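What follows is one structure encoded as structure tokens, with my remarks underneath.
The values are calculated or read from the model by the stated rules, or taken from the named source; none is laboratory data. Values in this document were obtained by computation on a predicted structure and should not be read as measured data. Cβ sites come from the backbone with ideal geometry, for glycine too, and all protein chains shown count toward neighbours. Surface accessibility is based on the protein's heavy atoms, side chains included, excluding ligands, DNA and RNA. Shrake-Rupley method; radii C 1.70, N 1.55, O 1.52, S 1.80 Å.
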Amino acid sequence: MRNSKGSLMRPDPLPGSASIPVVTPLSPSVVYASETPDALDDQYEGRVHGYTYSREGHPNADVVSQRLDAMEGATGGVVTSSGMAAVTAVVMGLMKAGDHMIGGNQLYGRSLRLMAEDLPRLGIETTLADPADVAAVEAAIRPETKMILVEAVSNPTLAMADIDGLAHLCRERGILLVVDNTFTTPRGFRPFDHGADIVIHSITKLLAGHSDVMLGYVVARDQEINTRLRVFSVTTGLTPSPFDCWLAERGMLSFELRFDRAQATAAVLADHLAGLPGVKRVIYPTRSDHPDHKRAMELLAGQGCNMVSFELNGGREAANAFTRAAEGLSFAPTLGDVATTLSHPASSSHRALTAEKRAELGLHEGFFRVSVGLEDPQVLCDVFTRAVAEAT
Ligand SMILES: *Cc1c(COP(=O)(O)O)cnc(C)c1O
């Protein structure tokens with residue numbers, strides 16, 4: 001479009017204003033116009049910074065990636081349209097047919113599915129192993145093994161991976177160590193300080209924190225790998241929408257406060273649950289009865305996390321009675337929201353497993369995972385006291 005003087009009509013972002021906004025503006029523009037072909041050359045060849053087309057990058061994504069880079073102690077991270085898009089970028093963007101990867105045996109359900117179904121279809125072989133057992137992981141290594149993908153704290157039994165041991169093994173064998181840091185967050189655990197090569201986040205969870213945006217992030221220590229991840233994401237359209245990035249930035253501004261509050265409440269709730277007669281067992285990293293307590297204290301530097309898992313006495317009937325009686329708590333398959341949410345692995349994340357396999361993992365019908373939110377700790381404990389009493 002041209003204005004009356006015949007020159008290009010450009011929107012004025014702040015018509016007639018001498019002052020500037022204190023909040024990052026939302027830039028939904030899909031395309032960015034340049035002055036001349038020479039100016040475009042300057043941009044493509046990196047002499048000046050600029051945007052061209054929003055799948056290739058946009059200011060709202062850059063604001064989010066810069067914040068996360070700073071939190072993880074990295075540079076050059078890539079924001080993706082979901083956490084699974086970040087996982088996809090890593091496994092499909094960095095491997096080829098004939099390669100092999102090893103995954104932790106309690107990874108996020110869709111990551112497990114990617115390894116079980118999609119990668120083998122593309123000729124990439126996969127093996128699962130217990131990431132707490134370095135010898136078991138080592139035994140699964142083949143000459144073609146390119147990467148090992150683990151989560152520091154497992155879902156939903158909160159088992160601790162031996163990240164330091166795995167990092168040592170990966171360095172020795174020239175294998176990439178990829179850590180999905182969603183559960184632990186950069187405030188609880190910094191994988192690069194423990195020798196990881198690549199870090200993945202589902203921003204959807206604690207980082208954005210309000211269950212209203214789906215977004216992911218991936219960053220490698222090596223800038224050449226970051227470039228490959230970025231190019232693959234742009235080519236395959238794994239890139240995020242400006243509005244989602246804008247919302248995520250807003251959520252991330254309060255992330256640290258939310259995390260500290262939620263994990264302090266989670267520790268209180270864990271101890272409270274352990275004292276209730278209807279509760280068979282409680283799993284929480286800072287409790288001395290956690291199966292990997294010593295490693296948890298080392299990895300999480302004495303902190304916990306916002307997740308508490310516990311098992312009610314009783315079967316499915318008790319589980320149904322519990323969610324019905326847990327007033328104000330959503331029984332919903334997510335984590336990291338401002339409100340406390342309940343998850344029941346036997347009917348959701350682990351429903352595809354046989355009852356025997358679930359029993360092997362300790363996931364009986366009475367097992368719940370709690371993602372602790374920002375409620376008053378006493379009020380929350382009272383809700384659990386009543387619901388557990390009602391159910392058992
Ligand atoms: C939720 C989650 C993912 C996937 O993230 P989405 O944003 O839902 O795609 C990956 N890993 C872990 C550990 C998660 O909790």
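A few comments on the model shown:
- No other residue among G46, G73, G57, G16 is on the phi > 0 side of the Ramachandran plot and open to solvent by 70 Å² or more (accessible area, probe 1.4 Å) apart from G16.
- The number of residues in segment 225-242 being hydrophobic (A, V, I, L, M, F, W, C) and within 12 Å of the ligand (Cβ to nearest atom) comes to 1.
- The helices (runs of 4 or more DSSP H) found entirely in segment 239-310 that carry 2 or more residues being in contact with a His (Cβ under 9 Å, 6 or more places away or on another chain) are 242-252, 293-299.
- Annotation: of all residues in segment 60-70 being open to solvent by less than 40 Å² (accessible area, probe 1.4 Å) and polar (S, T, N, Q), the one that is farthest from the ligand (Cβ to nearest atom) is N60.
- Search result, residues across segment 96-106 that are within 28 Å of P333 (Cα to Cα), open to solvent by 10 Å² or more (accessible area, probe 1.4 Å) and in contact (Cβ under 8 Å) with a residue 40 or more places away in the chain: Q106
- Some residue of segment 206-224 being open to solvent by 20 Å² or more (accessible area, probe 1.4 Å), away from the ligand (no atom under 16 Å from the Cβ), assigned to a helix (DSSP H, G or I) and closer than 28 Å to F310 by Cβ: no
- Residue within segment 130-146 that is within 20 Å of the chain's Cα centre (by Cα) and surrounded by fewer than 19 Cβ atoms within 10 Å (Cβ to Cβ) present: yes
- Close pairs (7 angstrom Cβ cut-off, 6 or more residues apart or separate chains): assigned by TED's automatic domain parsing to the domain that holds L177 in segment 125-140, at pLDDT 95 or above and polar (S, T, N, Q) anywhere: A140/T127
- R386 falls short on exactly one of the conditions (1) more than 25 Å from the chain's Cα centre (by Cα); (2) buried (at least 18 other Cβ atoms within 10 Å of the Cβ); (3) of a type in the set (D, E, K, R), and that condition is (2).
- Selection within segment 228-266 - buried (at least 17 other Cβ atoms within 10 Å of the Cβ), under 22 Å from V372 (Cβ atoms) and over 17 Å from the mean Cα position of the chain (by Cα): R261, T265, A266
- Single unsatisfied condition, E117 versus (1) surrounded by 15 or more Cβ atoms within 10 Å (Cβ to Cβ); (2) farther than 19 Å from C170 by Cα: (1)
- Segment 160-203 - residue that is open to solvent by 20 Å² or more (accessible area, probe 1.4 Å) and farther than 19 Å from A132 by Cα and, of those, farthest from the ligand (Cβ to nearest atom): G174
- Some residue of segment 314-337 being within 16 Å of the ligand (Cβ to nearest atom), part of a loop (DSSP other than H, G, I, E, B), free of Cβ contacts under 8 Å to residues at least 40 places away in the same chain and not β-branched (V, I, T): yes
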